[in-house]
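Novice: Below you'll find the structure I mean.
The values are calculated or read from the model by the stated rules, or taken from the named source; none is laboratory data. Quick caveat: nothing in here was measured; it's all calculated off a predicted structure. Note that we place each Cβ from the backbone using ideal geometry, even for glycine, and neighbour counts take in every protein chain shown.
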Amino acid sequence: MRSSRTPTIALSLTALLGLGLAACGDDAETAASDGEAPGTTAAGDEGGDAGGGTLTVYSGRDEELIGPLLEDFATETGIDVEVRYGSTAEMALLIETEGDRSPADVFISQSPGAVGFLEDNGLLGQVPEETLDLVATEDHAEDGSWVGLTGRVRTLVYNTDNVTEDELPDSVLDLVDPAFADRIGVAPGNGSFQDFVSGMRVELGDDETTAFLEGLAANDPTTYDGNTAILEAVGRGEVDFGLINHYYKFQELAEGVDSPTALHFFEPGDLGGLILVSAASIVATNDAGTAAEDLVAFLLSEESQTYFAEETQEYPLIEGVEASDELPPLDETVSLRIDFEDLGGLDETEALIQASGIDG
């Protein structure tokens, strides 16, 4: 496969440890590529014991996206919050490596797959039931190990100068057609793509998923680090189509960038319109008392959910907060929901992708 990817710390760690967790790597939401360790940032200046002194957050979400909310929480509560930023994969691997010595109290994940990895290793505590009840049952773990914060919809971005509407596929499964040869951008090491493939495994089984991946690989897609790189490549006309999450395009629009790109939302119930959630968990090593629980609840408050809707262009998950007017209503996109409890086996998903040849 043609590739525009560059190695990331998360991928290197995954290769070293053989965990297959590169599936959780994020695109814009990664640590710096200069080889330095993920940074730690103080989110507030005022101290507060809240049952455990400093509250330590490991965040797989970029500081620009989640940092303002963590600062607001620190200011409003007086709790001293320290945040360690990196890719979702890095943070999950770090918690796993540190084990019962980890200082992490709360883990914020870009991908539901990463919390599944930590849950499988017995490294997560339990989010209080009253916080779980703030979202729909499909947006939190049945055992309380994680709760969804925001929703992102998988879409197909296309170059409006190079693609006519009658060329748009009805289903993501149509991308194996030879008509799309040499025209598609994908991010096989990105968490969202991995979760999409895991969802396909849940819905269609491994045989049909393998057939799709091999068909996609036969069309010689160009591979990228993640959603942002794909969106920019489609805008340049480097490729005509790309599989991304919806909010990257809407963030671009909010920033006033006028590129010749548009989003195609797939037909009702299609796997190409899968809803993915970002998530928060309380780490088993939490020693910050109820402060960890308070932070997770704060991220699902009306204030925080409105921030996500207006500033990051994601779909809020609690009742009473509407998505940005710029987004199509979620019920109109008729996107597909699956049980994220079934999204395990990241190593198996990665193995299928690598065996297909799509990963270069």
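Novice: Take the conditions within 29 Å of residue 219 (Cβ to Cβ), modelled with pLDDT under 95 and in contact with a helix residue (DSSP H, G or I) (Cβ under 6 Å, 6 or more places away or on another chain) and apply them to residue 272. Does it pass?
Specialist: Yes.
Novice: Still on this structure: Please work out which one of (1) outside any strand (DSSP E or B); (2) among the β-branched types (Val, Ile, Thr); (3) touching a residue at least 60 places away in the same chain (Cβ under 8 Å) is the condition residue 244 fails and give its number.
Specialist: (1)
Novice: Is there a residue being modelled with pLDDT of 90 or more, at negative phi, over 22 Å from the mean Cα position of the chain (by Cα) and not in a loop (DSSP other than H, G, I, E, B) anywhere in region 140-154?
Specialist: no
Novice: When you go through (1) out of contact with any strand residue (DSSP E or B) (no Cβ under 6 Å at 6 or more places or on another chain); (2) crowded, with 21+ Cβ neighbours inside 10 Å; (3) farther than 26 Å from residue 82 by Cβ one by one for residue 120, which number turns out not to apply?
Specialist: The single condition residue 120 does not satisfy is (2).
Novice: Could you say whether any residue in region 227-249 is under 20 Å from the mean Cα position of the chain (by Cα), of a type in the set (S, T, N, Q) and farther than 23 Å from residue 336 by Cα?
Specialist: no
Novice: In addition: Of the residues in region 291-317, how many are part of a loop (DSSP other than H, G, I, E, B) and farther than 21 Å from residue 126 by Cα?
Specialist: Selection size over region 291-317: 2.
Novice: Scan region 264-286 for residues that are in the same structural domain as residue 173 (by TED's automatic domain parsing) and either touching a His at 6+ places or on another chain (Cβ under 6 Å) or part of a loop (DSSP other than H, G, I, E, B) (or both) and jot them down.
Specialist: Correct list: 265, 266, 267, 268, 269, 270.
Each row is one residue, and each column tells you yes or no for (1) over 22 Å from residue 247 (Cβ atoms); (2) β-branched (Val, Ile, Thr); (3) assigned by TED's automatic domain parsing to the domain that holds residue 264.
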{"site": "145", "(1), (2), (3)": "yes, no, no"}
{"site": "159", "(1), (2), (3)": "no, no, yes"}
{"site": "162", "(1), (2), (3)": "yes, no, yes"}
{"site": "168", "(1), (2), (3)": "no, no, yes"}
{"site": "178", "(1), (2), (3)": "yes, no, yes"}
{"site": "183", "(1), (2), (3)": "yes, no, yes"}
{"site": "188", "(1), (2), (3)": "no, no, yes"}
{"site": "192", "(1), (2), (3)": "no, no, yes"}
{"site": "199", "(1), (2), (3)": "no, no, yes"}
